[in-house]
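Q: Okay, handing you the structure first.
The values are calculated or read from the model by the stated rules, or taken from the named source; none is laboratory data. Just so it is clear, the model here is predicted, and its values are computed rather than measured. With ideal geometry, Cβ positions are generated from the backbone for all residues, glycine too; neighbour counts draw on all protein chains shown. For the accessible areas, the whole protein counts, side chains as well, though only heavy atoms, and no ligand, DNA or RNA atoms are used. Shrake-Rupley method; radii C 1.70, N 1.55, O 1.52, S 1.80 Å.
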Amino acid sequence: MLRTGISHFSGPAISSALLLALSTSAVARSDEFPMRIHSEIERIDVQPDGTATSLLHMELQILTAQGVSAAGQIPIPYRGEMQDVVVVEAYTQKPDGRRIPVDPNAILTRQIPDASAVPLYLDVMEKLILFPDIEAGDTLVYTARYLDKATLFPGHFERVSAFSPALPVDSATVRISAPRSLGVVVETHDVELHKAGAGTNDVYTLHYANAQPADDDDAAISALDRIPRYFASSFTSYNDLAQTYAVMIQSKISVTPKIRAQADSITSGISDRREQARAIYEWVNQHIRYVGIEFGEGSVLPHDAESVLNNAFGDCKDHTILFAALLRAKGIDSKPVLINAENGYSLSSVPTTAQLDHMITWLPEFAIYADTTAKGVRFGYLTTAEYGKPVVIIDKAQPALRETPVLTANDGEITYRNSVKLDDNGRYNSEGSTTATGVFAAQLRSIGHSIIERGPDDSAAILLKRRGFVNATGKLIAPAPAGLSPSYSVESKFSIPGPVRIRHMEEGLRLMPVAGDFLMGPLRNGNLRDTDATPCYGGHVTEDLSLEFPATQSLVQLPDDADVKTSHLHYTSRWSVTGHTVSVHREFVSHIDQALCAGDVRKETAAALARIRKDEIAPLSFVLTSDAAGGAGTPQNAAGDD
C-alpha cells in the first residue's frame, strides 16, 4: 500500500520517490505542507490460495506549488508477471467541485525508471497517472483495482506498509478480509487495529490519521523499524517461511557438468576445504556482475546456477545460488540467508520478507557468512551494514532465525596520516596517506577503484573544490587493488599557492571518517537526537596530523588534550609542539555487543560525540614573531573549516 507511506511492493503503492518528495517537503507548520491526504481507503480481499484483489481509493489535496511538482504524476508500481492493475477512475477536482477527468491516454504503463535494463527483471512495472490542470487547492482523486495472478510464495499471503509521520493525513483505512483457514495474522505499530469475524473469514480493520505531522525525519534506521506500520502474513513462523522458500529454490542449486568443471578449475591445486571455499567466493565476487534488484521486487525465485554462470551476471539471489552450486560441487555445504543490507535492524513477529531485502550465504562448516555481491570484501567478512543483523537461514530443517555477529574492534582499523608545511608567504604543501585493514579495506578499495577510473588529478580536484580551496592542485594516488588483500592504502598530496589562513588543524584530503565519526554514530548530524537509535560498530581509528609553520610565526596557544570515555568507546587526542611543528595524535576505539546504540547507551554516546566534535575543531591561532618583517599577505582560503 504505499499511498501515505512505503510499501514492501506486495500490493498497491505510490512509489518511494513520491514518498521522498512528500516527506522531505514537509515543514513544521501544517499550512506549509505541500499536500495532505484527505481520504485513503483500501479493501483487500484475500483468497484461499493467498492471492488477493485490492481496491484502493485515494484523495490527495495539493496545497502548494511544490506539491503540484511533487504529485502531478502519480506512479503505481506493481509486478507485471504477478499482478494486473486497472485504474478505475482518476480526475482532478477543483475547489468549486468541478472534475477534470484524466484522459485514458494519460495513464501510462511502463517499466519503472532506473530498473535494470537486463531482460531478467522486466516485470517491475508501474502505471503512471498524469493528472491534468493542477493548481494549489486542487484534489487528485483516483481509484485503482489490483488483481494478483500469483503470489510470491504459493499458498501464502503477506502485505506490509508504513505511513509517513511527516504527512498530514485526515483518514486512512485498510480492511483485510481473509479466510480463517489461511491463518492470516496482523501486527501493527502506532496504527489502530480491530479484528472481527465474518462467516468463515477474519476481518482486520486498520485506521491511521495524522493531524499533527512531525518535523523532517533525519533518523539513522529504517522506517520499518520505527514509524507507523503494519505487517500481515499467513506464515506461522519464520521457520515456516524458510522451509517454504527452501523447497522453492532447491532445484536451482544443481551441480551440472559445467558447474562441476568450473568449480574444479577454480580450486585447482587447492586441497584445504576452507581455501577452496575462499577461492570460489573470490571467483564469484570478481567474475559475476552484480545486478542489484531488492529481494521481493519481481519474483523471489532465483535463476538456476548454470544460467547465472552462462550470463555472468545476476542479482543477490542468483549470486547465492551459483555460489552454493559451486561449493556443492566440492562437497561444501551452504545455506541461503535473508538479511537487511541497509539500515533495518528488526524483524516483525509476523513473518514477512518486508524487512529482508538481500540474500547472502551461511557456510556452517566454517561458521561464517559470505556476501559474494560485496565487491572488494574479503572472504570471512561482510559489509559493515550486514553486521549485527537478524537473519533467516533458508533450510528445510534447522531453526531459521539467527543473527550475524557484531563488528568488533579487531575486525578492522583505519589509519590516517597527514603533514602540512606552511611557508612565510602563506603557501603550503600537504601530503597524506590512508590505510584500512580488515572490514574497512573494502571501503577504501572501492574508493581506490573510483580514483583509478577518474584519474589522480581529477579525483583530488573534486575534494579540493568541495573544501573551497582556490587554485589548489593535487593528486590522489591509488594502487590497483591486488585481489582482496587484507589492507589497502591511498596516498594524497596537494599544494595551494596561498596565502592561506589556518584556523584548525589542517586535515588534508581525507577519504575515510575522522576519528570518532561513524562507528558509534554520526559525529556531525545535528538533527539526530540523543533518543534516536543509531547503528554502532566496534572498530579502531587512529590519525596523526602535523603542521609545520614558518619561523616568522608563533603558536598562540596549544589546544587542550582530550580524553573521552564511556562504557563502549574511548577517544583521546594528544597535542604537542616540536620546534615549529604542531602535531595531534587522535585515537578512537569502540567495543559494543549490540547492533544499535539506543536508550541510555545512545544518550551517553551522543554526549561523548559532542565532546569529540569540539576537540576536532579545536582552534589554532598564530601571530607574527616580534622580529618578523612584513606579513603573509591577505589570506584567500580558510583551511580546516567545518
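Q: Can you pull the one-decimal nm distance between simple spin-label points at Ser446 and Asn429, each 7 Å off the Cα toward Cβ?
A: Once both label points are built, they end up 3.4 nm from each other.
Q: Could you sort 349-359, 425-435, 129-139, 480-490 so that the peptide with the highest average Cβ count within 10 Å comes first and the rest follow in order?
A: Details: 349-359: 23.5, 425-435: 20.0, 129-139: 16.8, 480-490: 15.0.
In decreasing order of mean packing, 349-359, 425-435, 129-139, 480-490 become 349-359, 425-435, 129-139, 480-490.
Q: Express in Å², to the nearest 10, the accessible area of Asp600 obtained by rolling a 1.4 Å probe over the protein heavy atoms while all chains stay in place.
A: Its heavy atoms expose roughly 120 Å² to the probe.
Q: On a full-extension model of 0.36 nm per residue, what is the gain between Arg611 and Ser485, subtracting their alpha-carbon distance, rounded to one decimal in nm? Kindly include the intermediate steps, with their values, before the conclusion.
A: Working: separation 126, 0.36 × 126 = 45.36 nm, distance 3.56 nm.
Between Arg611 and Ser485, full extension yields an extra 41.8 nm.
Q: At a Förster radius of 51 Å, what calculated FRET efficiency corresponds to the Cβ-Cβ distance of Thr64 and Ala551, to the nearest 0.05?
A: Working: r = 60 Å, r/R0 = 1.18.
The value I calculate is 0.25.
Q: Continuing with the same structure: Report the calculated FRET efficiency for Leu55 and Thr531 (r = Cβ-Cβ distance, R0 = 30 Å), to the nearest 0.05. Show your work: numbers first, answer last.
A: Details: r = 40 Å, r/R0 = 1.32.
So, using R0 = 30 Å, E works out to roughly 0.15.
Q: Moving to a separate point now. Per 0.36 nm of contour for each residue apart, how much would the distance between His207 and His585 grow if the chain were fully extended, relative to their Cα-Cα spacing? Don't skip to the answer; put the middle values down first.
A: On the way: separation 378, 0.36 × 378 = 136.08 nm, distance 5.58 nm.
Stretched out fully, the His207 to His585 stretch lengthens by 130.5 nm.
Q: Now for a separate question. Work through the residues other than Ala618 whose Cβ is under 11 Å from its Cβ and net out their charges, Lys, Arg +1 and Asp, Glu -1.
A: Values: positive: Arg503, Arg586, Arg613, Lys614; negative: Asp560, Asp561, Asp615, Glu616.
Neighbour charge sum, excluding Ala618 itself: 0.
Q: Something else about it: With everything on Cα atoms, drop me the angle between helix 599-616 and the longest principal axis of the chain, reported from 0 to 90° to the nearest 10.
A: 30 degrees
Q: A further question on this structure: Can you give me the distance in nm between label points at Lys149 and Arg175, each placed 7 Å from the Cα along the Cα-to-Cβ direction?
A: Distance between the two pseudo-spin positions: 2.9 nm.
Q: Cross-link list Lys252/Lys396; Lys335/Lys396; Lys421/Lys493; Lys565/Lys603; Lys335/Lys389: which exceed 20 angstrom alpha carbon to alpha carbon? Mind showing how you got there, number by number?
A: Details: Lys252/Lys396 15 Å; Lys335/Lys396 10 Å; Lys421/Lys493 12 Å; Lys565/Lys603 13 Å; Lys335/Lys389 17 Å.
Going by Cα-Cα distance, every pair falls inside the 20 Å limit.
Q: Once the piece of chain linking Lys94 and Ser346 is laid out straight, how much longer is it, given 0.36 nm per residue of separation minus the C-alpha distance between them? Kindly include the intermediate steps, with their values, before the conclusion.
A: Working: separation 252, 0.36 × 252 = 90.72 nm, distance 4.34 nm.
That works out to 86.4 nm of additional length.
Q: While we're looking at this one, here's another question. For a quick check: with amide H placed at 1.01 Å from N, whose amide H comes under 5 Å from Phe163's, ignoring anything fewer than 5 positions away on the same chain?
A: Residues meeting the criterion, in which the H sits 1.01 Å from N, are Ile6, Arg229.
Q: Which part of the stretch 54-72 falls in the paramagnetic zone of Val86, meaning amide N under 19 Å from the point 7 Å along Cα-to-beta-carbon?
A: Answer for the stretch 54-72: 54-58.
Q: Another question about this same structure. Which ³J(HN,Hα) values in Hz, rounded to whole numbers, follow from the phi angles of the stretch 369-385 under the Karplus curve 6.51 cos²θ - 1.76 cosθ + 1.60, where θ = phi - 60° and Gly and Pro get x?
A: 9, 9, 10, 5, 7, 7, 4, x, 8, 5, 4, x, 10, 10, 6, 4, 5
Q: Let me check I've understood the local charge: for Gly538, count other residues with C-beta under 9 angstrom from its C-beta, Lys and Arg +1, Asp and Glu -1. What total comes out? Please report the intermediate quantities before stating the final value.
A: Details: positive: none; negative: Asp411, Asp593.
Net charge around Gly538: -2.
Q: On to the next question. Please work out whether the stretch 470-513 counts as rounded, prolate or oblate from its C-alpha gyration tensor, where a ≥ b ≥ c are the square roots of the eigenvalues and a/c under 1.5 means rounded, while otherwise a/b larger than b/c means prolate and anything else oblate? Present the calculation step by step, with values, prior to reporting the outcome.
A: Numbers: a/c = 5.25, a/b = 2.17, b/c = 2.42.
Oblate, because a/c is 1.5 or more while a/b does not exceed b/c.
Q: Please compute the modelled spin-label separation between Gln73 and Leu624, points set 7 Å along Cα→Cβ, answer in nm with one decimal.
A: 6.3 nm
Q: May I pose another question? Can you give the FRET efficiency for Arg289 and Arg501, using 1/(1 + (r/R0)^6), R0 = 45 Å, r = Cβ-Cβ distance, to the nearest 0.05? List each step's numbers first, then the result.
A: On the way: r = 48 Å, r/R0 = 1.07.
The computed FRET efficiency comes out at 0.40.
Q: Which net charge results for the neighbourhood of His287, defined as the other residues with beta-carbon distances under 14 angstrom from its beta-carbon, given Lys and Arg at +1 and Asp and Glu at -1? Walk me through the intermediate numbers first.
A: On the way: positive: Arg289, Lys375; negative: Glu282, Asp318.
Result for the local shell: 0.
Q: Calculate, for the chain, the solvent-accessible area per residue in square angstrom, rolling a 1.4 angstrom probe over the heavy atoms of the protein chains. Kindly include the intermediate steps, with their values, before the conclusion.
A: Values: 26400 Å² over 642 residues.
Computed with neighbouring chains in place, this is 41 Å² per residue.
Q: Sorted by mean Cβ packing within 10 Å, highest first, what order do the peptides 502-514, 314-326, 91-103 take? Numbers along the way, then the final one.
A: Details: 502-514: 20.5, 314-326: 27.2, 91-103: 13.2.
Descending packing order for the listed peptides: 314-326, 502-514, 91-103.
Q: Compute the acute angle (0 to 90°) between the alpha-carbon long axis of helix 316-329 and the principal axis of greatest extent of the alpha-carbon atoms of the chain; round to the nearest 10°.
A: Taking the Cα atoms of the chain, the angle to 316-329 is about 90 degrees.
Q: Share of the chain's accessible area from carbon and sulfur, percent, 1.4 Å? It would help to have the intermediate numbers written out before the result.
A: Values: 12960 of 26400 Å².
Carbon with sulfur: 49 percent of the solvent-accessible area.
Q: Let me ask another. Go through [x] 145, 50, 47; [y] 80, 62, 47; [z] 96, 75, 46 and flag the label whose value is the computed Cα extents along the principal axes in Å for this structure.
A: Comparing each candidate, only [z] matches the computed number.
Q: Hey, what number do you get for the chain at 222 nm if only DSSP H runs of n ≥ 4 count, each worth -39500 (n - 2.57), divided across all residues, to the nearest 500? It would help to have the intermediate numbers written out before the result.
A: Values: 10 runs with 120 residues, N = 642.
After summing the helix terms and dividing by residue count, I get -6000 deg cm²/dmol.
Q: Can you tell me the 0 to 90 degree angle between the C-alpha axis of helix 238-249 and the longest principal axis of the chain, rounded to 10?
A: Value to nearest ten degrees: 80.
Q: Please list, ordered by chain and number, the residues whose modelled amide H lies under 5 Å from the amide H of Ile112; skip anything fewer than 5 residues away on the same chain.
A: Met125, Glu126
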